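Undergrad: Quick one: the structure is below, questions incoming.
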Amino acid sequence: MSIDYSLYLVTDRGILKGRDLLQAVEAAIKGGVTMIQLREKSISSLDFYNIALKVKEVAKVYNVPFIINDRLDIALAVDADGLHIGQDDLPLQEARKLLGKSKLLGYSVTTAAEARFGEENGADYLGAGPVFPTGSKDDAALPIGVCLLKEIKDSVSLPVVGIGGISLDNVSVIRQAGIDGISVISAILGRNDIKAAARFMADAWRKP
Ligand code: TZP
Ligand code: MG
């Protein structure tokens, strides 16, 4: 499967303020999102599993890769396209071993050293950030900025997506890091018109 990392949506039901997650994901895909990560931090395993099955169906209709955040067991149970883990999750090599070679494995990094570790230990792509300050992650590290993002991209040959505080206002700046895509929560799911927000972000990313 050739992967388009350009506009990678990470979900957050909190920011939807009661709006339906499946409708939000579908609207975002219609607007131009190229990849979906289901991120759930405070629900039961059963609820995570059931929601994952439903989001997977939506992603499948539009042929958009569907990734599970943190939980290898859920990724395997619902036969997702991949798993995304960070520095405090399962060790990367273990995750790769259990996930198998055919699934995508994403790895969150904040430094070039972590990026190289990711490349050497089984990651398929890297999520680097937070690039800018973000209110969407409680335990977010300090923002790395565009210079370090570029350093991370230049230190590996894996695809790299920037994440954290990315909005229409800074897409053009972040593109200068030469990365493969942008990963966002609030700039899409925090907007009233999710489809339009995704379209604006997709257009901004493609601008010469
Ligand atoms: N990882 C690093 S920053 C972040 C995650 C999950 C949150 C990104 O959310 P937003 O609203 O796009 O800043
Ligand atoms: Mg994690």
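The values are calculated or read from the model by the stated rules, or taken from the named source; none is laboratory data. Keep in mind it's a predicted model, so treat the numbers as computed, not measured. Quick reminder, even Gly has a Cβ in these numbers, built from the backbone with ideal geometry, and neighbours come from all protein chains shown.
Undergrad: When region 40-61 is examined, which residues are found to be within 14 Å of ligand 2 (Cβ to nearest atom) and either among the basic types (Lys, Arg) or modelled with pLDDT of 95 or more (or both)?
TA: 40, 41, 48 - these are the residues of region 40-61 that are within 14 Å of ligand 2 (Cβ to nearest atom) and either among the basic types (Lys, Arg) or modelled with pLDDT of 95 or more (or both).
Undergrad: Can you pull out every residue in region 62-80 that is in contact (Cβ under 8 Å) with a residue 12 or more places away in the chain, more than 15 Å from the chain's Cα centre (by Cα) and more than 21 Å from residue 94 (Cβ to Cβ)?
TA: Hit for region 62-80 is 62, nothing else.
Undergrad: Name the pairs: first residue in region 34-51 and closer than 17 Å to residue 72 by Cβ, second residue among the hydroxyl-bearing types (Ser, Thr, Tyr), Cβ to Cβ under 7 Å, at least 6 apart or on different chains?
TA: The qualifying pairs are 37/8; 37/11; 38/11; 39/11.
Undergrad: Here are some conditions: (1) within 30 Å of residue 49 (Cβ to Cβ); (2) in a loop (DSSP other than H, G, I, E, B); (3) within 12 Å of ligand 1 (Cβ to nearest atom). Residue 167 meets all but one. Which one does it not meet?
TA: If we test residue 167 against (1) within 30 Å of residue 49 (Cβ to Cβ); (2) in a loop (DSSP other than H, G, I, E, B); (3) within 12 Å of ligand 1 (Cβ to nearest atom), just (1) comes out false.
Undergrad: Considering only residues of region 62-80 that are among the acidic types (Asp, Glu) and either assigned to a loop (DSSP other than H, G, I, E, B) or closer than 23 Å to residue 27 by Cα (or both), which is nearest to ligand 2 (Cβ to nearest atom)?
TA: Among residues in region 62-80 that are among the acidic types (Asp, Glu) and either assigned to a loop (DSSP other than H, G, I, E, B) or closer than 23 Å to residue 27 by Cα (or both), the one nearest to ligand 2 (Cβ to nearest atom) is 70.
Undergrad: Within region 181-206, track down each residue that is under 23 Å from residue 152 (Cα atoms) and surrounded by fewer than 18 Cβ atoms within 10 Å (Cβ to Cβ).
TA: Across region 181-206, the qualifying residue is only 206.
Undergrad: Same structure, new question: Report the residue count in region 1-59 for those that are of a type in the set (Phe, Trp, Tyr) and over 21 Å from residue 204 (Cα atoms).
TA: The number of residues fulfilling the criteria is 2.
Undergrad: With the condition kept exactly as written, say whether any residue in region 164-184 is touching a residue at least 24 places away in the same chain (Cβ under 8 Å), more than 16 Å from ligand 2 (Cβ to nearest atom), among the acidic types (Asp, Glu) and out of contact with any strand residue (DSSP E or B) (no Cβ under 8 Å at 6 or more places or on another chain).
TA: no
Undergrad: Determine whether residue 85 is buried (at least 19 other Cβ atoms within 10 Å of the Cβ), in contact with a helix residue (DSSP H, G or I) (Cβ under 8 Å, 6 or more places away or on another chain) and either within 23 Å of residue 114 (Cα to Cα) or at pLDDT below 95 (or both).
TA: yes
Undergrad: Considering each of 42, 2 in turn, give the residue that is of a type in the set (Ser, Thr, Tyr), within 20 Å of residue 70 (Cβ to Cβ) and over 16 Å from the mean Cα position of the chain (by Cα).
TA: Result of the check over 42, 2: 42.
Undergrad: Further question: Anything in region 36-61 that is in a loop (DSSP other than H, G, I, E, B) and touching a Ser or Thr at 6+ places or on another chain (Cβ under 9 Å)? List them, or say none.
TA: 39, 40
Undergrad: Could you check, for region 105-121, whether at least one of its residues is among the aromatic types (Phe, Trp, Tyr) and within 15 Å of the chain's Cα centre (by Cα)?
TA: yes
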